[in-house]
There are 2 protein chains.
Amino acid sequence: MSSSSAAPAAKPPMRDALVAAAFRLFLERGYEQTTVDDIVALAGVGRRSFFRYFPSKEDVVFPDHERCLDDMTTFLAAGAADDEPVRRVCDAARLVLRMYAENPAFSVQRYRLTRQVPGLRAYELSVVWRYERALAAYLRERFAGWPDGTLQADVVAAAVVAAHNNALRSWLRSDGSGDAGTAVDHALGHVQAAFGRPVRTVGRAGHTDEVVVLVSRRDAPLWRVVQEFETALGRA
Amino acid sequence: MSSSSAAPAAKPPMRDALVAAAFRLFLERGYEQTTVDDIVALAGVGRRSFFRYFPSKEDVVFPDHERCLDDMTTFLAAGAADDEPVRRVCDAARLVLRMYAENPAFSVQRYRLTRQVPGLRAYELSVVWRYERALAAYLRERFAGWPDGTLQADVVAAAVVAAHNNALRSWLRSDGSGDAGTAVDHALGHVQAAFGRPVRTVGRAGHTDEVVVLVSRRDAPLWRVVQEFETALGRA
């Protein structure tokens, strides 16, 4: 989780100016007491400019989630057929962390604001839900045809989001000090240990289940091997 | 998950009449087109009666969640110290299922309505979040002092909610046909298999970790024994 060497994508300066003006007013006066008119007056632009970028006042609080959701969907769609699915969704979740970690001061301000304003909390829950559904949709496709595939997809997606958010919230509560990437890696490692496969089953996709070939990493613990073997035999 | 032989708790008839009137109008005219005035006129009561029971129009759509959240909190608080924690939160989640299964026709109507009205979808997400936090709070207490206790608590709570809702949604989409309880039991069994302990560690709570005594159920698979042993040794 090193800070990327590539420059972030260029954003329209007017959009940035609106976000900056909005947050300055939210912090000074409070979120509820700030109107869109106040924001555009401070930014020195017209109302129509505001609504060109943001459908509502709530959206200016979370200016990067739509882009991040797009990035996540693109990332998942670009995966290879032999990607380990749980690892892939963990990597997708790291895109969200990266967005927060790009601008710690802003992320911490927003976290405080979101905890104070119930409407923003509800907005955030709906965004989290959309991330979770994006991960689940990918996993449902990867698990298609497996027993309880959609159930497993939903459970793993929820676990990934919960682990990511546990680490993200700790980092935000610590005012963005410390390395968010390390904390999230640790949390996601927990989910991969519970659900990921250090062992791959080869020769199961076909029509016959008579032959099961297991290819195991050297460092996979014995019990994971047993588990995978039982799954392959349909006994788990 | 047999239908309970005990009668449901008595509810004030006026409250029931308001819910019935509201749903009749929501189905006839649509949710957005129905006002609180319309509802109280049909129920034959005054506005103040409505707001005595429901803070807003949204709340009448989910009339039993507050009671269910209370029941869940009470149930978790009444647990014994040697309850297997994952089993306990699974049982707590079954209280939600029971609320839905008590009145299948109403639950299916509400499900359809919630999918059509974005505001209700947001409301539902906030309710789901409160259930998840109730489960996580219990688990955090049970896992206190364990490495990554809060992380594990959050992940298990999210997994339980996801599994429960996967089965609940399937049942609602099938118009409430089939046995919701069996489907939820199956889904929660998946979470218990991933996170629950068929093996108990005894003699670890104390000050010395030199002795680890494992008490295993006869039917626990070998790999779970190995896993629990590694956890007890702090290696997992």
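The values are calculated or read from the model by the stated rules, or taken from the named source; none is laboratory data. None of the values given here were measured: they were computed from a predicted structure. Please note: Cβ atoms are built from the backbone with ideal geometry, for glycine as well, and neighbour counts cover all protein chains shown.
Confirm whether B:Asp59 is out of contact with any Ser or Thr (no Cβ under 6 Å at 6 or more places or on another chain) and crowded, with 17+ Cβ neighbours inside 10 Å.
No; evaluated as a whole, the condition is false for this residue.
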Going through the range B:69-78 one residue at a time, which ones are within 15 Å of B:Trp129 (Cβ to Cβ) and surrounded by 18 or more Cβ atoms within 10 Å (Cβ to Cβ)? B:Met72
I need the full set of residues from the range B:174-192 which are touching a residue at least 24 places away in the same chain (Cβ under 8 Å), of a type outside the set (Val, Ile, Thr) and more than 11 Å from chain A (Cβ to nearest Cβ), in order please. B:Asp175, B:Gly176, B:Asp179, B:Ala180, B:Gly181, B:Asp185, B:Gln192
Kindly list the number of the only condition in (1) modelled with pLDDT of 95 or more; (2) more than 14 Å from chain A (Cβ to nearest Cβ); (3) out of contact with any Pro (no Cβ under 9 Å at 6 or more places or on another chain) that fails for B:Gln109. (1)
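Outside the structural domain of B:Glu141 (by TED's automatic domain parsing) and not charged (D, E, K, R), is that true of B:Leu42? Spell out the reasoning first.
Working: outside the structural domain of B:Glu141 (by TED's automatic domain parsing): yes; not charged (D, E, K, R): yes.
So B:Leu42 fits the description; yes.
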Test A:Val128 against the stated conditions and say whether it is within 12 Å of chain B (Cβ to nearest Cβ) and out of contact with any Cys (no Cβ under 6 Å at 6 or more places or on another chain). yes
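Looking at B:Arg140, B:Arg133, can you tell me which residue is within 12 Å of chain A (Cβ to nearest Cβ), in a helix (DSSP H, G or I) and in contact with a Gly (Cβ under 9 Å, 6 or more places away or on another chain)?
Numbers: B:Arg133 fails: in contact with a Gly (Cβ under 9 Å, 6 or more places away or on another chain).
Only one candidate qualifies: B:Arg140.
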